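Participant: Below: one structure in structure tokens.
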Amino acid sequence: HSADAHRTDLMTITRYVLNEQSKHPESRGDFTILLNHIVLGCKFVCSAVNKAGLAKLIGLAGETNVQGEEQKKLDVLSNEVFVKALVSSGRTCILVSEEDEEATFVEPSKRGKYAVVFDPLDGSSNIDCGVSIGTIFGIYMMKDDGEPKLEDVLQPGKNMVAAGYCMYGSSCNLVLSTGRGVNGFTLDPSLGEFILTHPDIKVPKKGKIYSVNEGNASNWDVATAKFVEKCKFPKDGSPAKSLRYIGSMVADVHRTLLYGGIFLYPADKKSPNGKLRVLYEVFPMSFLMEQAGGQAFTGKERALDLVPKKIHERSPIFLGSYDDVEAIKALYAEQQKE
Ligand code: P6P
């Protein structure tokens, strides 16, 4: 393979998914079509986010534009784009979005066999200061081909057939797993294509970074407090860990996936179930972390074993390098005994 072959042998996300599809002879390409519509949504949001700053400058995003119309906030706009893209794919039956209080049941003529849960623009409060934000999504198969019902999206995360996120930062990175490892794609704006840049991502077994909002320390339980203390003042003479906290889940998880370490949003006295949402934040990121050789734990159980009761319910989450999550699991096991 000459270097030049790599330049001309473009592994686009579409080609990658078609390769995956060819491994399922019975597949009719529904997943490929669904994913292409998700990718379309990501390309739109990437372009809108990149213009947001400029748009704000010239008074478009979130302001009233020259026609005096109230310009939609970026997260509302992104949500509409994803809902429309997913419904028009003809491959979905029920959608859950962070932006919509109720699930969206797709009209019968456009129904397919997938249920999609997503946060169209997670961390959107960070847009105005230029911090990376992202779209997070998870995909379930409908439980049966009857009338779609809420139970089709109240499945444990381990039932997901795919999960991923698209991070809008210095570049646009789409990280995806269809259950056979994790692959990262970078948008080449000149082609309008996502190109495979991070094949077969594996999270380092142990990391040197912990990622938590230390501002909540006064509300943590004993196990979390002990864990963070050990990160800062290791007893075994190992070097202290570094603290990296961006406050945008997609950015913190992307760094954890690539560099290793642990990301935690624990329960605290104020929020007994933590802050992050099970269906479209905790599950997709836990799915990816496990597929990359890491772990994801709620403080009580494996995150993907959780069975959600409500579509917007929250859960504490500890995810990242295998060994680092093992350490927090041991501390919670101790705490259970007391
Ligand atoms: P805190 C962003 O608002 C978000 O939903 C996640 O993206 C992020 O991980 C978390 O909240 C940050 O929360 O309480 O630390 O500001």
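The values are calculated or read from the model by the stated rules, or taken from the named source; none is laboratory data. Being a predicted model, the structure only gives us computed values, none of them experimental. When we count neighbours, we look across all protein chains shown, and the Cβ atoms used for this are built from the backbone with ideal geometry, even at glycine. Remember, those area values only see protein heavy atoms, side chains included, never the ligands or the DNA or RNA. Shrake-Rupley method; radii C 1.70, N 1.55, O 1.52, S 1.80 Å.
Participant: Taking the stretch 128-140, which residues are away from the ligand (no atom under 11 Å from the Cβ) and either more than 17 Å from Tyr280 (Cβ to Cβ) or within 14 Å of the chain's Cα centre (by Cα) (or both)? Let's see the steps before the verdict.
Facilitator: Kept after step one, since they are away from the ligand (no atom under 11 Å from the Cβ), are these residues of the stretch 128-140: 128-130, 135, 137-140.
Selection gives Asp128, Cys129, Gly130, Thr135, Phe137, Gly138, Ile139.
Participant: Is it the case, given these coordinates, that Ile201 is surrounded by 14 or more Cβ atoms within 10 Å (Cβ to Cβ), out of contact with any Phe, Trp or Tyr (no Cβ under 6 Å at 6 or more places or on another chain) and either of a type in the set (Gly, Ala, Ser) or assigned to a loop (DSSP other than H, G, I, E, B) (or both)?
Facilitator: Values: surrounded by 14 or more Cβ atoms within 10 Å (Cβ to Cβ): yes; out of contact with any Phe, Trp or Tyr (no Cβ under 6 Å at 6 or more places or on another chain): yes; either of a type in the set (Gly, Ala, Ser) or assigned to a loop (DSSP other than H, G, I, E, B) (or both): yes.
Taking the combined requirement at face value, the residue satisfies it.
Participant: Six or more apart or on different chains, Cβ atoms under 8 Å: show the pairs whose first residue is in the stretch 185-202 and in contact (Cβ under 8 Å) with a residue 12 or more places away in the chain and whose second is acidic (Asp, Glu).
Facilitator: Leu187/Glu193; Phe194/Asp188; Ile195/Asp188
Participant: Are any of the residues in the stretch 212-234 touching a strand residue (DSSP E or B) at 6+ places or on another chain (Cβ under 6 Å) and within 14 Å of the ligand (Cβ to nearest atom)?
Facilitator: Here is the first cut: in the stretch 212-234, the ones touching a strand residue (DSSP E or B) at 6+ places or on another chain (Cβ under 6 Å) are 212, 231.
Still in the list and also within 14 Å of the ligand (Cβ to nearest atom): 212.
Checked the stretch 212-234: at least one residue is touching a strand residue (DSSP E or B) at 6+ places or on another chain (Cβ under 6 Å) and within 14 Å of the ligand (Cβ to nearest atom).
Participant: Within 14 Å of the ligand (Cβ to nearest atom), open to solvent by 10 Å² or more (accessible area, probe 1.4 Å), in contact (Cβ under 8 Å) with a residue 24 or more places away in the chain and within 15 Å of Lys205 (Cα to Cα) - does that describe any residue in the stretch 242-257?
Facilitator: yes
Participant: Restricting the search to the stretch 279-307, which residues are within 20 Å of Trp220 (Cβ to Cβ) and within 13 Å of the ligand (Cβ to nearest atom)?
Facilitator: Result: Glu281, Val282.
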